[in-house]
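Trainee: Okay, handing you the structure first.
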Amino acid sequence: MDKYGGMSVRIAVASGKGGTGKTTVATSLALSLALEADGGRPPPLLLDCDVEAPNAHLFLAPEFTRRTDVSVMIPRVDEDRCTGCGRCSEVCQYHAIAVLGPKVLVFPQLCHGCGSCTRQCPEGALEEIPSPIGVLQAGTAQGGIDFARGVLNVGEPMAGPIIRRLKRWAAQQDGQIVILDCPPGTSCPVVEAVRGASFVLLVTEPTPFGLHDLRLAVRVGRSLGLPMGVIINRDGIGDESVADYCESEGLRVMLRIPFERAIAEGIARGQPLVALDPQYHSRFLKVFECITDS
């Protein structure tokens, strides 16, 4: 903890592609740290930032006690005051407003809620109104883990605002370790989730697709200046190309999880990895030690 200037360690668990076992790693790391929690350090806080398909609750069975709606502010046109000058359309970088003759059309799905149009309208003909896009939920999970997640409404296109709100809304205790289960891929929601992390754990698999997407994820992490390590899941189904790449890039392979039927069946039943094999408790604690020593 002191390696980060007294601030809480924030570990982002990410992957270049979906289905690599990112949530498996995030939940088992949280459970391992919860078992080691004592009077000097509270159990960890796990944030499920994969708001389009959150599933960490399937492994941790939280009891939700807090909930809040999330909205973004979108413009509404006062047609009596609008002159159709087109200034709102000119300043909108996301093409969320179009002016067709005297008519102003607003496309809420494209709006990022930046407020430029309302501030730039010379007639004051635009006002911002809230548009619900999802919810945040929080409670206590297995092992006393503090748990919070965001859930994006079906059909909503932008996950970033919910992830950003979730990271601010979740109640974090002093000295608490935070684990962020990030969305898959390398797009804007991933950047928002890993922003401000102390360390990024990249979960991959030893396949050509796994290697390709790991390269992309590493590129994103380095562009943000974040330290990274790699966990190879389903070890044994491919070759050593991922390990060779990590060595060439100076990335530490911090854990290998074998490709075993018993693990796959347990995960399908919603059992955390540390429950399937208690040896992973010490292995994940070692991963955490490597993170704090890096």
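Trainee: Six or more apart or on different chains, Cβ atoms under 8 Å: show the pairs whose first residue is in region 157-175 and within 26 Å of P42 (Cα to Cα) and whose second is in a loop (DSSP other than H, G, I, E, B) and of a type in the set (G, A, S).
Mentor: Going by the 8 Å Cβ cut-off, the qualifying pairs are K167/G196; Q172/S8; D174/S8; G175/S8; G175/G40.
Trainee: If E156 satisfies every condition in (1) modelled with pLDDT of 95 or more; (2) within 19 Å of the chain's Cα centre (by Cα) but one, which is the exception?
Mentor: Going through the list (1) modelled with pLDDT of 95 or more; (2) within 19 Å of the chain's Cα centre (by Cα), E156 breaks only (1).
Trainee: Right, another one. What are the residues in region 234-248 that are more than 24 Å from the chain's Cα centre (by Cα) and in a helix (DSSP H, G or I), if any?
Mentor: S241, A243, D244, Y245, E247, S248, listed by residue number.
Trainee: Given the condition assigned to a helix (DSSP H, G or I), in the same structural domain as I237 (by TED's automatic domain parsing) and crowded, with 20+ Cβ neighbours inside 10 Å, answer yes or no: does some residue in region 173-183 qualify? I'd like the intermediate steps shown before the answer.
Mentor: From region 173-183, those assigned to a helix (DSSP H, G or I) are none; that's our starting set.
Scanning region 173-183, I find no residue that is assigned to a helix (DSSP H, G or I), in the same structural domain as I237 (by TED's automatic domain parsing) and crowded, with 20+ Cβ neighbours inside 10 Å, so the answer is no.
Trainee: For the subset of region 101-118 comprising residues that are more than 26 Å from the chain's Cα centre (by Cα) and free of Cβ contacts under 8 Å to residues at least 40 places away in the same chain, which member is surrounded by the fewest Cβ atoms within 10 Å (Cβ to Cβ)?
Mentor: G101
Trainee: Could you identify the single residue in L224, L285, L214, L201 that is within 24 Å of the chain's Cα centre (by Cα), at pLDDT 95 or above and over 23 Å from A56 (Cα atoms)?
Mentor: Residue meeting the stated conditions: L224.
Trainee: Could you pull out every one of the strands (runs of 3 or more DSSP E) wholly within region 1-117 that has 3 or more residues that are touching a helix residue (DSSP H, G or I) at 6+ places or on another chain (Cβ under 7 Å) and either more than 22 Å from L255 (Cα to Cα) or outside the structural domain of F199 (by TED's automatic domain parsing) (or both)?
Mentor: Once the strands (runs of 3 or more DSSP E) in region 1-117 are filtered for at least 3 residues that are touching a helix residue (DSSP H, G or I) at 6+ places or on another chain (Cβ under 7 Å) and either more than 22 Å from L255 (Cα to Cα) or outside the structural domain of F199 (by TED's automatic domain parsing) (or both), what remains is 63-77, 97-100.
Trainee: Right, I231: of a type outside the set (G, A, S) and assigned to a helix (DSSP H, G or I) or not?
Mentor: Taking the combined requirement at face value, the residue does not satisfy it.
Trainee: Here's a follow-up. Return the only residue of R222, R256 being free of Cβ contacts under 8 Å to residues at least 60 places away in the same chain and in a helix (DSSP H, G or I).
Mentor: R222
Trainee: Kindly indicate whether any position in region 198-207 is part of a loop (DSSP other than H, G, I, E, B), out of contact with any His (no Cβ under 6 Å at 6 or more places or on another chain), in contact (Cβ under 8 Å) with a residue 60 or more places away in the chain and not small (G, A, S).
Mentor: Yes, the conditions are met somewhere in region 198-207.
Trainee: Select, from V77, V135, V70, the only residue that is more than 30 Å from A30 (Cα to Cα) and surrounded by 16 or more Cβ atoms within 10 Å (Cβ to Cβ).
Mentor: Testing whether each residue is more than 30 Å from A30 (Cα to Cα) and surrounded by 16 or more Cβ atoms within 10 Å (Cβ to Cβ) leaves just V77.
Trainee: Could I ask something else about it? Could you list, in sequence order, all residues of region 47-63 that are surrounded by 14 or more Cβ atoms within 10 Å (Cβ to Cβ) and under 13 Å from G134 (Cα atoms)?
Mentor: C49, D50, V51, E52, P54
Trainee: Can you name the residue in region 238-247 that is of a type outside the set (V, I, T) and within 15 Å of H212 (Cα to Cα) and is also surrounded by the most Cβ atoms within 10 Å (Cβ to Cβ) among such residues?
Mentor: Filtering first and then ranking leaves C246.
The values are calculated or read from the model by the stated rules, or taken from the named source; none is laboratory data. Keep in mind that what you see is a predicted model, and the values were worked out from it rather than measured. In this analysis, Cβ positions are derived from the backbone assuming ideal geometry, glycine residues included, and neighbour counts consider all displayed protein chains.
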